[in-house]
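Comments concern the structure below.
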Amino acid sequence: MAAETDAEVRALGRRSVGLIGWPVAHSFSPQLMQAAFEAYDLDWSYSLLPVRTQPRERLAEAITGLRALGFRGVNVTVPHKAAVLPLLDELSHAARSIGAVNTICLDGHRLWGHNTDAPGFVADLLAHGLEPSVLRVLVLGAGGSARSVVYGLAEAGCPQIEILNRTPARAGGLAREMAAIFNDCRLAGLPSRALAEASVRCDLIVNCTPLGMQPAIDGSPWDPDVPMRRGQVVYDLVYNPSQTEFLRCAKRNHCQVLSGLGMLVQQAARGFTLWTGLEAPLSVMHNAAQRALKRAQAGL
Ligand code: NAP
């Protein structure tokens, strides 16, 4: 988006954005985005836009409707992140390579698809003083979020990424796809039984499975009999709950632990900037995310 001054953005008046997905009621995005709009005194509103997968044309109808309703853009979440691609006019390189869009921008009449999960993950590592270009990484899972994490890491110069997945063919496929884009990164797909040996040769371990969140709240992608190395960094994309069994295990092994809340904020921050052209108020958004998490954990 062309850079606009604060005054120009405010002159746009009330603008609508929102979140397309199913379900969406649990999302923290409205609190994060609304806090960011208020920080700039923008009269923008962020709505939850629940869109089912059936009937099949429902998603296309919702996307077409964005133009008619004058939306500036939307976030897209499960289960539509991949299905939305063919409905858009333009895709960023990241969105096309990852095969997933989490942020749509309306630029005039054209619909642009972006993926802010990949840079959001990398930005959160950097915010914690972790430089991806010197990290050997083990990614657990090979689904949508793993695709974003692997792309982001490889783009940031990560020298080695091993992807371990319950379905090894999917891990191998992702490794080959990304190796075709990023020549300088050593990529490999592994079966679950390779966990112990892979654990030894990495600096950062990232959970990209839903194990640890509802309904698998007691689940973990890690076998507790496999030791982690003291000082290894262990990152859980799951952010609710903030303390998963995976992170508890990492703490017992004296690892540095990071939950997915930082990535959530960083990906939302990039969406805010794509829509408004303004620098995202990161600390405001982070505080809003913490409040949303506290409310969710209190069952409110
Ligand atoms: P997904 O596309 O459904 O992929 C799930 C992955 O987990 C697949 O590789 C799957 O293996 C594996 N898996 C699922 N259940 C498993 C089990 N019982 N045992 C072993 N492996 C299992 O999901 P996703 O979109 O990548 O999301 C994963 C997690 O990331 C979710 O918790 C999501 O909330 C979180 N996330 C967080 C952020 C953030 O900003 N913090 C952003 C995106 C996603 P198979 O290939 O064998 O099926």
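Quick note: the coordinates plus some simple rules give every number you see, no bench work behind them. As the structure is a computational prediction, the values presented were derived from the model and not from experiment. All Cβ positions, glycine included, derive from the backbone under ideal geometry; neighbour counts span all protein chains shown.
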* To do: Name every residue in the range 269-285 that is closer than 18 Å to ASP41 by Cα, in contact with a helix residue (DSSP H, G or I) (Cβ under 7 Å, 6 or more places away or on another chain) and within 16 Å of the ligand (Cβ to nearest atom), in order of residue number.
  => ALA269, PHE272, ALA280, LEU282, MET285
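With respect to TYR235, determine if the residue is assigned to a loop (DSSP other than H, G, I, E, B), surrounded by 19 or more Cβ atoms within 10 Å (Cβ to Cβ) and near the ligand (Cβ under 10 Å from one of its atoms). Steps first, please.
Working: assigned to a loop (DSSP other than H, G, I, E, B): no; surrounded by 19 or more Cβ atoms within 10 Å (Cβ to Cβ): yes; near the ligand (Cβ under 10 Å from one of its atoms): yes.
Judged against the criteria, TYR235 is not a match.
Restricting attention to the range 196-215, and to residues there that are in a loop (DSSP other than H, G, I, E, B) and out of contact with any strand residue (DSSP E or B) (no Cβ under 9 Å at 6 or more places or on another chain), which single residue is nearest to the ligand (Cβ to nearest atom)?
Quick first cut of the range 196-215, residues in a loop (DSSP other than H, G, I, E, B) only: 201-203, 208-210, 212, 214-215.
Next, only the ones that are out of contact with any strand residue (DSSP E or B) (no Cβ under 9 Å at 6 or more places or on another chain) stay: 210, 214-215.
Numbers: PRO210: 4, GLN214: 9, PRO215: 11 Å.
Looking at the filtered set, the residue picked out is PRO210.
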* Structure fact -> Expected output for the range 262-291 (first residue under 23 Å from GLN243 (Cα atoms) and in a helix (DSSP H, G or I), partner of a type in the set (Val, Ile, Thr) and within 16 Å of the ligand (Cβ to nearest atom), Cβ below 6 Å, 6+ apart or cross-chain) is GLN267/THR116; MET285/VAL265; HIS286/VAL265; ALA289/VAL265
* Asked: How many of the residues in the range 87-112 are over 29 Å from GLN232 (Cα atoms) and either among the aliphatic types (A, V, I, L, M) or crowded, with 24+ Cβ neighbours inside 10 Å (or both)?
  -> 11
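Within the range 262-269, is there a residue that is buried (at least 21 other Cβ atoms within 10 Å of the Cβ) and within 16 Å of VAL137 (Cα to Cα)? Give the steps one after another, and end with the answer.
Let us first name the residues in the range 262-269 that are buried (at least 21 other Cβ atoms within 10 Å of the Cβ), namely 262-269.
Then keep just the ones that are within 16 Å of VAL137 (Cα to Cα); that gives none.
Within the range 262-269, none of the residues are buried (at least 21 other Cβ atoms within 10 Å of the Cβ) and within 16 Å of VAL137 (Cα to Cα).
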* Qualifying positions in the range 118-157 - under 17 Å from SER199 (Cβ atoms) and more than 9 Å from the ligand (Cβ to nearest atom) -> LEU135, ARG136, VAL137, LEU138, VAL139
